[in-house]
Number of protein chains: 2
Amino acid sequence: MPRAAIPNLPEAYSRLERRFHDISVLGDTIRMLHWDQATMMPPRGAEARSEQLARLEVMRHERLTAPDMAGLLGDAEAGAAALGPWQAANLREMRRLAGHAAGVPEDLVAARSRASSLCEVVWREARRNSDFAAVRKNLGEVLDLTREAAAALGESLGCSPYDALLSEYEPCGNTAAIDVLFADLAAFLPAFLDDVLAHQDRAGAPVPPEGPFDIEVQRALCREMAMAVGLDFDSARVDESAHPFSSGVPEDTRITVRYREDDFNDGLMSVLHETGHAMYERGRPADWRYQPVGRARGMVMHESQSLLVEMQACRSREFYEWAASRLRRAFGGAGPAWETENLHRLAIRVEPGHIRVDADEVTYPAHVILRYRLELALLSGGLALADLPGAWNDGMQRLLGITPPNDRLGCLQDIHWYSGSWGYFPTYTLGALAAAQIFDAATTAEPSILPSLAEGDFSPLMAWLRRQVHEHGSRLSTDTLLAEATGRPLGAAAFKAHLRRRYLGG
Amino acid sequence: MPRAAIPNLPEAYSRLERRFHDISVLGDTIRMLHWDQATMMPPRGAEARSEQLARLEVMRHERLTAPDMAGLLGDAEAGAAALGPWQAANLREMRRLAGHAAGVPEDLVAARSRASSLCEVVWREARRNSDFAAVRKNLGEVLDLTREAAAALGESLGCSPYDALLSEYEPCGNTAAIDVLFADLAAFLPAFLDDVLAHQDRAGAPVPPEGPFDIEVQRALCREMAMAVGLDFDSARVDESAHPFSSGVPEDTRITVRYREDDFNDGLMSVLHETGHAMYERGRPADWRYQPVGRARGMVMHESQSLLVEMQACRSREFYEWAASRLRRAFGGAGPAWETENLHRLAIRVEPGHIRVDADEVTYPAHVILRYRLELALLSGGLALADLPGAWNDGMQRLLGITPPNDRLGCLQDIHWYSGSWGYFPTYTLGALAAAQIFDAATTAEPSILPSLAEGDFSPLMAWLRRQVHEHGSRLSTDTLLAEATGRPLGAAAFKAHLRRRYLGG
């Protein structure tokens, strides 16, 4: 990471660094405008915003595909012997990003950005009204443009259109590897879910604390918990939006959440999840802040960090030793519903449901597998958009035995497809596998992590993560980063062991 | 305004339109990030934000100063016979903007933007603590860079450094014309102020309604009043910031305000003022939305529109016929303090005070003349920054007979110098003169305007303004626009007549 260690960097490499600095700043700006769109923007600002985002995307794209880019990369690679390991990794990432950008024509980038921004706004209203028909035309435009971009990019990268889309989020991802892991999970989970539900039945249902839970109290509680994980509110804020997300820049985190008056866990766990994302961004190597190698290593690692905080750490029995008393104090709770054991059992309650972001970690993979299959079918043309609500409902029935009563609880629930994020969903479950594997390695290497969580002290966990994951940015591939941190390649074993331990008690 | 009326536009002109479209979108983006910085951004986001703004300013500047810009402008001008009047005016504005940009080196643009962003953040804290010393270093950097930019631009445009800065806000502005108008006012106002204060004394003081005034109630009231003027909240929002301003884009207005618990007029009049700005932006010719000719015609006209709404319309006796009952209802007010006549007398109360944005229209010009003289002296080097607080206080004593007790109420009160806006202040008072002249012309031409205000109906006024001012964008010079709307060049006569009528009753 030592930025000034290389005395005579090739001129071509230095020029590339300046150019990628600008590209990074454009990306930061785009993220801020997206955040504003989701949290602050009045509805009729949508068209002007989509124009802003489209032009900024084009400017970003123009820089990545400048006529002299290939020459500069070639020259820098020819002088690579003079580069240190971080610079060399940076150059490799530059080559990858430029290759991605060159694969999609500029007009298509702009059209896709514009269509996605508009569709996202229409979706927000359609979702409120549970009216899929109201957004179908916009979604159709997004899908057509996404299919076109996927075909072009796949041809350029020499992979399938779907793998091309996936690689925008996860550099090393591919359907072949996903299919193996998802098949493993699909074979394991149904019978395991039955076991868990039977185990839960034998133990009796936990007692739900009685609401309503004041939103202002929830806001304060979420801040307190996020600060325990490591967020500081001189460089972060938490707002409300239809779909929780973490955005902003490392020095200025923007987390969003939805609060429910009848359930404080929903908002709390969202904030903890998004705080996990934010901590990864804040832990990126500062010396490489505006360079490709300083970026987070793809969405699988990103999701691993959010799930590690939310699912592994903050739903652990240890964390509840500390958190339960905070919950009682915040809401003035007393009695059986507010006992630590009961609150923890509520937090790890397994129950098939319609909403992915509310799903427990046992049923969550089914939600992802459904979306993965549906987006493959929509992109290939095997499934028509008009048939999406029905196919969604059929899939939910098949995978989890429940049928959404309306599209708000069905195919309208997630922002991804409507905002143009196709090929993203698999990273959630790959991230869950990685989270289990990393948490296992961390708690083995650092025995103080779990006892510290019982005191609300995340610093041993965060120190290990920073050292083993965050500070590496994009220096290593996802596979290598994970192998160096955990001693083995990504698999489902740690995840399954974790589920057995937590949900069957052994 | 008919956008598609010209069949064979010269290719060079069409290319310029595409380029200036991008430049306009970059400007929109920069404004959004500034708004976020003032309203939403956590404090430690400042450095990353200043980086974003600096790079976007450079991108904007790069486009304005591209190597082929001079050639394109020349080619388009050679083919100007094929252009319609709007296109011709657009080309003239392109030439003007490109000339401005070419006058300042790119590095200096970036350095000035970065220094200003940082200084603005430091100022916010310094202002809170009334600690000028805490921001002096940052302000010194801004001043040095501004002086450097003014010298370069003045040389390039063939005018004085100060006129060069002024021309960034007011294309036709110059110190020679300002000095004449300000001398006229400086000769008129002191004796007039004495007359007004004596007149007020004879009438006895109005009774101030007793606070505190609930902030939530103020927020709702401000929305109601802004909607009466013409704002709709599907395309606007009102937030809070240290210094009230109007920003955003025509379809997505972002107004900010400061509310005071002890005085509802302060927030209300700020919102009405900023709504006047916003209505001008929203009335810009839609077909030319992203072109230079579609922009508002400089800051004098802009300030005329805000002051026309705030000072001319919303402090009129007619408006209070309608507004007073809303004020009584909102705050549950009853008794002598809440009578229409008394509320109106409070709204037009003249009283020398420290704060420019709180000043009445009789003393306001003194605040501006002070700042104008001080910034001329600071830029020329005749006044050292260390001596600014003292010079400020001396000037206040000389011009208004009062001395600020601290710098928060003195030279720290306004954001302008700290955020890099030098040469801006004169436009406030020029705008006040223009507002009086335009309102006089409007109410003469359209006799329904004043009676409609008494019913809370701004539509006759806004229709006239849209037709006579807003819809012309930058097609005409400020002088011509004003002469066509009012039948005469900018002068102080209408302003003085207005003051005599309102404050001396005839």
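The values are calculated or read from the model by the stated rules, or taken from the named source; none is laboratory data. Computed from a prediction, not measured in an experiment: that's the story for all the values here. Reconstructed Cβ throughout: ideal geometry from the backbone, glycine too, with neighbour counts over all protein chains shown.
Side notes on the structure shown:
- Screening the candidates A:Met59, A:Met32, A:Met41 for the property of being facing another protein chain (nearest Cβ under 9 Å), crowded, with 19+ Cβ neighbours inside 10 Å and modelled with pLDDT under 95 yields one hit, A:Met59.
- Just so you know, in region B:252-267 the residues that are over 19 Å from B:Ala324 (Cα atoms) and surrounded by 23 or more Cβ atoms within 10 Å (Cβ to Cβ) include one that is nearest to the other protein chains (Cβ to nearest Cβ), and it is B:Asp252.
- Scan of region B:467-506 for residues that are basic (Lys, Arg), more than 12 Å from B:Gln437 (Cβ to Cβ) and out of contact with any Phe, Trp or Tyr (no Cβ under 9 Å at 6 or more places or on another chain), ordered by number: B:Arg467, B:Arg501, B:Arg502
- Index of the failed condition, A:Pro336 passing every other in (1) under 30 Å from A:Glu216 (Cα atoms); (2) modelled with pLDDT under 95: (2)
- There is no residue in region B:4-26 that is buried (at least 17 other Cβ atoms within 10 Å of the Cβ), touching a strand residue (DSSP E or B) at 6+ places or on another chain (Cβ under 8 Å), at the interface with chain A (Cβ under 8 Å from one of its Cβ atoms) and within 23 Å of B:Arg295 (Cβ to Cβ).
- Residue among A:Gln37, A:Gln52 that is within 21 Å of A:Ala110 (Cβ to Cβ), touching a residue at least 12 places away in the same chain (Cβ under 8 Å) and touching a strand residue (DSSP E or B) at 6+ places or on another chain (Cβ under 9 Å): A:Gln52
Conditions tested, residue by residue: (1) within 20 Å of B:Tyr364 (Cβ to Cβ); (2) of a type in the set (Asp, Glu).
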| site | (1), (2) |
| --- | --- |
| B:His243 | yes, no |
| B:Asp252 | no, yes |
| B:Thr275 | yes, no |
| B:Glu281 | no, yes |
| B:Arg284 | no, no |
| B:Gly294 | no, no |
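- Remark: pairs (first residue in region A:236-256, free of Cβ contacts under 8 Å to residues at least 40 places away in the same chain and more than 14 Å from A:Ala226 (Cβ to Cβ); second residue hydroxyl-bearing (Ser, Thr, Tyr) and part of a loop (DSSP other than H, G, I, E, B); Cβ separation under 7 Å; 6+ apart in sequence or on different chains) = A:Glu251/A:Ser235; A:Asp252/A:Ser235.
- Hey, A:Val238 within 14 Å of chain B (Cβ to nearest Cβ) and not polar (S, T, N, Q) or not: yes
- Residue check for A:Phe188: of a type in the set (Phe, Trp, Tyr), more than 14 Å from chain B (Cβ to nearest Cβ) and under 30 Å from A:Gly99 (Cα atoms): no
- Answer residue from region B:369-389, given it is over 24 Å from the mean Cα position of the chain (by Cα) and more than 18 Å from B:Val135 (Cα to Cα) and is surrounded by the fewest Cβ atoms within 10 Å (Cβ to Cβ) among those: B:Gly381
- When A:Ala111, A:Ala115, A:Ala98, A:Ala126 are checked against the criterion of being surrounded by fewer than 21 Cβ atoms within 10 Å (Cβ to Cβ), not assigned by TED's automatic domain parsing to the domain that holds A:Ser477 and not acidic (Asp, Glu), a single residue qualifies: A:Ala111.
- Any hit, region B:84-100, residues being of a type in the set (A, V, I, L, M), within 30 Å of B:Leu9 (Cβ to Cβ) and within 14 Å of chain A (Cβ to nearest Cβ): no
- When region A:413-432 is filtered for residues that are under 27 Å from A:Phe319 (Cβ atoms), in contact with a Pro (Cβ under 9 Å, 6 or more places away or on another chain) and not aromatic (Phe, Trp, Tyr), the ones remaining, listed by number, are A:Thr429, A:Ala432.
Each row is one residue, and each column tells you yes or no for (1) under 21 Å from B:Gly173 (Cα atoms); (2) over 11 Å from the mean Cα position of the chain (by Cα).
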site: B:Gly276; (1), (2): no, no
site: B:Arg282; (1), (2): no, yes
site: B:Trp288; (1), (2): no, yes
site: B:Val293; (1), (2): yes, yes
site: B:Leu308; (1), (2): yes, yes
site: B:Met311; (1), (2): no, yes
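Quick grid of which residues meet (1) touching a strand residue (DSSP E or B) at 6+ places or on another chain (Cβ under 9 Å); (2) outside the structural domain of A:Phe331 (by TED's automatic domain parsing); (3) under 21 Å from B:Gln52 (Cβ atoms); (4) not acidic (Asp, Glu):
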site	(1), (2), (3), (4)
A:Gln218	yes, yes, no, yes
A:Phe245	yes, yes, yes, yes
A:Glu261	no, yes, no, no
A:Asp266	yes, yes, no, no
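- Subset tally (residues that are closer than 23 Å to B:Ile178 by Cβ and not in a helix (DSSP H, G or I)) for region B:373-389: 3
- Among the residues listed as B:Ser270, B:Ser325, the single one being part of a helix (DSSP H, G or I) and buried (at least 24 other Cβ atoms within 10 Å of the Cβ): B:Ser270
- Candidates A:Ala80, A:Ala66, filtered to the one that is within 14 Å of another protein chain (Cβ to nearest Cβ) and farther than 20 Å from B:Gly27 by Cβ: A:Ala66
- If you check A:Tyr428, A:Tyr418 for being part of a helix (DSSP H, G or I) and crowded, with 19+ Cβ neighbours inside 10 Å, only one passes: A:Tyr428.
- Filtering region A:441-481 to residues that are closer than 30 Å to A:Ala186 by Cα and surrounded by 20 or more Cβ atoms within 10 Å (Cβ to Cβ) leaves A:Ala442, A:Thr443, A:Leu465, A:Val469, A:Thr478, A:Leu481.
- All positions within region A:156-168 that are modelled with pLDDT of 95 or more and surrounded by fewer than 16 Cβ atoms within 10 Å (Cβ to Cβ): none
- When B:Ala278, B:Ala226 are checked against the criterion of being aliphatic (A, V, I, L, M), buried (at least 23 other Cβ atoms within 10 Å of the Cβ), within 14 Å of chain A (Cβ to nearest Cβ) and closer than 24 Å to B:Pro426 by Cα, a single residue qualifies: B:Ala278.
- Check on B:Glu106, within 13 Å of another protein chain (Cβ to nearest Cβ) and either in contact (Cβ under 8 Å) with a residue 40 or more places away in the chain or not small (Gly, Ala, Ser) (or both): yes
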